[in-house]
Amino acid sequence: MRSAALALLVGAALGSFGRPAGAAPRTSSLAWVRMPGAEACIDARTLAQAVERRLGRAAFVPPTRGEVAIEGRIERSQEAGVWRATIRVFGEGGAAIGSREIEAEQVDCRTIDDQLELVIALLVDPDASLVRPGGPAAAAAWGAPGTGAAARPAPQPPSATNAAAPPACPPAPAAPSAPWRVGGAVEAVGGLGLTPGPANVGVGVRAHATPPRGPGFELGGALWKSSVAGEAPGSPAFLLAYGRLSVCPVEIARGGTALSGCAGAMVGSLRVEGAAVPSRFRHERLVFDLSLDTRVRRRFVGPLFGAVGLGIAVPIVRDVYFYTDEAGERRDVFHASPVSAILDLGLGLELP
């Protein structure tokens, strides 16, 4: 009943500016502006048509003929993901009559269309019936749309049957479905235990998709800088590359910030080569790791976001890389770590 409660609030706030019972509805003009970044929000023509459908009559005239001027704008507030609509009412001579602000913490600004229509309809006519656009009550009260301000029917005396009947509450509007959120980012990655050396660095890409309901998904990959096992010239060098697929059952979004928790798998190859390693031991091995990670995304301006993530990788098989020298002795080169840590910093775009 959110829309009904909003209607009662606006009607109470502006009831003192209504007309005497039986008087013709006042004429109104509407000016509506979408601020930069709000181009996808409802436009002035669509908003005016929706208000007139709700009232069941033609409601707006040019500014030079209106007794009341309604001016509004919609914009994204400084906190990303929060939309603010400001509506002001001016009487004759430009005197301010009242104002109303509507804020919604939604990704899509079209989710507040119903509230905007209801508020402006009550600003045009504070005595308007709170019915859904196109309903039979609107047609009975105002006549067919486009026929002008039809006189309301005379009230009928209450009967014994309906005298005690409470007024029917209009059905709540169906909540619009939230859109999918999809995005992609380029990342700088760092790790411990993936290849020889104290630390590993590389670059990666990552795409994510979050449906309105259910878990999200991530798809990406990384290429790691070659790391050398040892300091002698020609020491074995390891080159790692992999792709990854994750399911994210945890997704918490507040404003422009989203926190996700994901589990998945990493599949790729680890190539070993070097002058000190006999050619028959140079090879490429399959890498298959299970992964767990958490990530925070934060929108900056429009679709641009930054992200930071921390995760672990657990190899299914811990390979030992070694070779036998000319003396017949085994030379261990690298033993895969039981758990590897991965840190990533990304910058990308997300829609909507």
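The values are calculated or read from the model by the stated rules, or taken from the named source; none is laboratory data. Bear in mind the structure is a predicted one, so any value in this text is a computation, not a measurement. All Cβ positions, even for glycine, are placed from backbone atoms using ideal geometry, and neighbour counts span all protein chains on display. Remember, those area values only see protein heavy atoms, side chains included, never the ligands or the DNA or RNA. Shrake-Rupley method; radii C 1.70, N 1.55, O 1.52, S 1.80 Å.
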- Mind telling me which of the residues T64, T46 ends up being part of a helix (DSSP H, G or I), at pLDDT 85 or above and either farther than 26 Å from G302 by Cβ or out of contact with any Gly (no Cβ under 8 Å at 6 or more places or on another chain) (or both)? T46
- Item | Hits in the range 49-63 (condition: surrounded by fewer than 17 Cβ atoms within 10 Å (Cβ to Cβ) and in contact with a strand residue (DSSP E or B) (Cβ under 8 Å, 6 or more places away or on another chain)) | V61, P62, P63
- Would you pick out the residues in the range 335-352 that are touching a strand residue (DSSP E or B) at 6+ places or on another chain (Cβ under 6 Å) and not in a strand (DSSP E or B)? A336, V339
- Task: Hey, could you check the range 185-204 for residues that are within 20 Å of V320 (Cβ to Cβ) and open to solvent by 50 Å² or more (accessible area, probe 1.4 Å) and say which is modelled with the lowest pLDDT?
- Result: P198
- Query: For I120, are the conditions met, namely being at pLDDT 90 or above and open to solvent by less than 10 Å² (accessible area, probe 1.4 Å)?
  - Reply: no
- Query: In the range 299-333, which residues are in contact (Cβ under 8 Å) with a residue 60 or more places away in the chain and at positive phi?
  - Reply: G302
- Residue count, the range 250-273 (criterion: within 28 Å of D108 (Cβ to Cβ) and in contact with a strand residue (DSSP E or B) (Cβ under 7 Å, 6 or more places away or on another chain)): 11
- Query: Looking only at residues in the range 335-352 that are open to solvent by 60 Å² or more (accessible area, probe 1.4 Å) and in contact with a Leu (Cβ under 8 Å, 6 or more places away or on another chain), which one is farthest from G221 (Cα to Cα)?
  - Reply: L349
- Query: Which members of the range 323-334 meet the condition of being in contact with a strand residue (DSSP E or B) (Cβ under 6 Å, 6 or more places away or on another chain) and either at pLDDT 95 or above or open to solvent by less than 90 Å² (accessible area, probe 1.4 Å) (or both)?
  - Reply: Y323, T324, D325, V333, F334
- Item | Selection count where residues are open to solvent by less than 60 Å² (accessible area, probe 1.4 Å) and either farther than 28 Å from D332 by Cα or not acidic (D, E) (or both), scope the range 306-321 | 9
- Message: I'd like the residue in the range 205-224 that is modelled with pLDDT of 90 or more, open to solvent by 50 Å² or more (accessible area, probe 1.4 Å) and not aromatic (F, W, Y) and, out of all such residues, is farthest from D319 (Cα to Cα).
- Response: P215
